[in-house]
Amino acid sequence: MRVRQLKAFCTAMLLMVMLSSYTTVSNPAKNTINYQLSVSTTGTDFDTAVQKLYQTIDWSCAPMDMTVFKKALNGYLFLKQTNELKKEQFLTVLDFSKQSNQRRLWIIDLKSKQLIFNELVAHGKNSGDKFATSFSNNSESQKSSLGFYTTGETYNGKHRYSLKLNGLESGFNSNAFSRGIVMHGADYVSQEIAEAQQSVGRSFGCPAVSQEVIRPIVDIISGGSCFFIYHPDADYNEKSKILNNSLYIPIELLNNLID
């Protein structure tokens, strides 16, 4: 009796398994996991996208170095993915490897893929003369600070219309706000001075531009956009957590930049 009951039980279980398998194949369950294709900023897909965007932009007579552009875009995407940016349309890049008589500030509209400003900009007086070679995060250093910032509020101060900057990199520019490092206009920054002296004047650490362009620049980039001061300084490039991030970028986000 027990043998027959056991056989009946096994037959019933086998039938249930077969029906279950049939149901699964005939009515497959929907995958509720939201998979998203991503690419590494150290991979070839990222390099290809950066190059395509770079070639789309009309740099006129003053192209940004491709290496600098890639680093700037890498940091921009990191800040965008980590919700640091309130204004995502604009990317400001300063290349302090260049002599100060060159137009080494670029502002790019990433939405329209247009270069909207390419201007002269001063560095800190203790960072160097014609070239900036030394940088600091310390108060009273009167040196420029490298790295990524977000732009803050506008205000009228001793340099007239100015823009507050929020340093995002500990050890490199995190004291910018307390140091009073801002973007402001200066009479010592002009094309005439650059041509006559082969350099523009120097600030106490602020990225200063011509009084003629300070207002339109500030009005465009203020309010939480990405602001990057670059130099091939080994310490910064090796230790910056933003430049050396391991974040994977959604392919959709990358495609939106280049489409």
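Looking at the range 126-137, can you tell me whether even one residue there is touching a residue at least 12 places away in the same chain (Cβ under 8 Å), under 16 Å from the mean Cα position of the chain (by Cα), over 22 Å from Val218 (Cβ atoms) and in a loop (DSSP other than H, G, I, E, B)?
no
For the condition surrounded by 10 or more Cβ atoms within 10 Å (Cβ to Cβ), out of contact with any helix residue (DSSP H, G or I) (no Cβ under 8 Å at 6 or more places or on another chain), modelled with pLDDT of 90 or more and in a helix (DSSP H, G or I), what is the one hit in Tyr54, Tyr22, Tyr76?
Numbers: Tyr54 fails: out of contact with any helix residue (DSSP H, G or I) (no Cβ under 8 Å at 6 or more places or on another chain); Tyr22 fails: modelled with pLDDT of 90 or more.
Selected residue: Tyr76, the only one of Tyr54, Tyr22, Tyr76 that is surrounded by 10 or more Cβ atoms within 10 Å (Cβ to Cβ), out of contact with any helix residue (DSSP H, G or I) (no Cβ under 8 Å at 6 or more places or on another chain), modelled with pLDDT of 90 or more and in a helix (DSSP H, G or I).
Can you give me the number of residues within the range 100-125 that are in contact (Cβ under 8 Å) with a residue 24 or more places away in the chain, among the charged types (D, E, K, R) and not in a loop (DSSP other than H, G, I, E, B)?
2
Please tell me if Ile193 is surrounded by 15 or more Cβ atoms within 10 Å (Cβ to Cβ) and either assigned to a loop (DSSP other than H, G, I, E, B) or touching a residue at least 12 places away in the same chain (Cβ under 8 Å) (or both).
No: the conditions fail for Ile193.
So that you can scan it fast, the table gives a plain yes or no per residue for (1) closer than 14 Å to Asn118 by Cα; (2) crowded, with 20+ Cβ neighbours inside 10 Å:
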residue: Tyr188; (1), (2): no, no
residue: Gln197; (1), (2): no, no
residue: Gly205; (1), (2): no, yes
residue: Ala208; (1), (2): yes, yes
residue: Val213; (1), (2): yes, no
residue: Ile217; (1), (2): yes, yes
residue: Ile220; (1), (2): yes, no
residue: Gly224; (1), (2): no, no
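Of the residues that make up the range 238-259, is at least one farther than 27 Å from Gln81 by Cβ, among the basic types (Lys, Arg) and either touching a Cys at 6+ places or on another chain (Cβ under 7 Å) or outside any strand (DSSP E or B) (or both)?
Going residue by residue through the range 238-259, those that are farther than 27 Å from Gln81 by Cβ are none.
Scanning the range 238-259 turns up no residue that is farther than 27 Å from Gln81 by Cβ, among the basic types (Lys, Arg) and either touching a Cys at 6+ places or on another chain (Cβ under 7 Å) or outside any strand (DSSP E or B) (or both).
Check the range 225-236 and report whether any residue there is among the small types (Gly, Ala, Ser), free of Cβ contacts under 8 Å to residues at least 12 places away in the same chain and within 20 Å of Ser145 (Cα to Cα). Break it down stepwise before answering.
From the range 225-236, those among the small types (Gly, Ala, Ser) are 225, 234; that's our starting set.
If we keep only those that are free of Cβ contacts under 8 Å to residues at least 12 places away in the same chain too, we end up with 234.
Remaining after also requiring within 20 Å of Ser145 (Cα to Cα): 234.
Yes, there is a match, as at least one residue in the range 225-236 is among the small types (Gly, Ala, Ser), free of Cβ contacts under 8 Å to residues at least 12 places away in the same chain and within 20 Å of Ser145 (Cα to Cα).
The values are calculated or read from the model by the stated rules, or taken from the named source; none is laboratory data. Note that this is a predicted model, so its numbers are computed, not measured. Methodologically, a virtual Cβ is constructed for each residue, glycine included, from the backbone with ideal geometry; neighbour enumeration extends over all protein chains shown.
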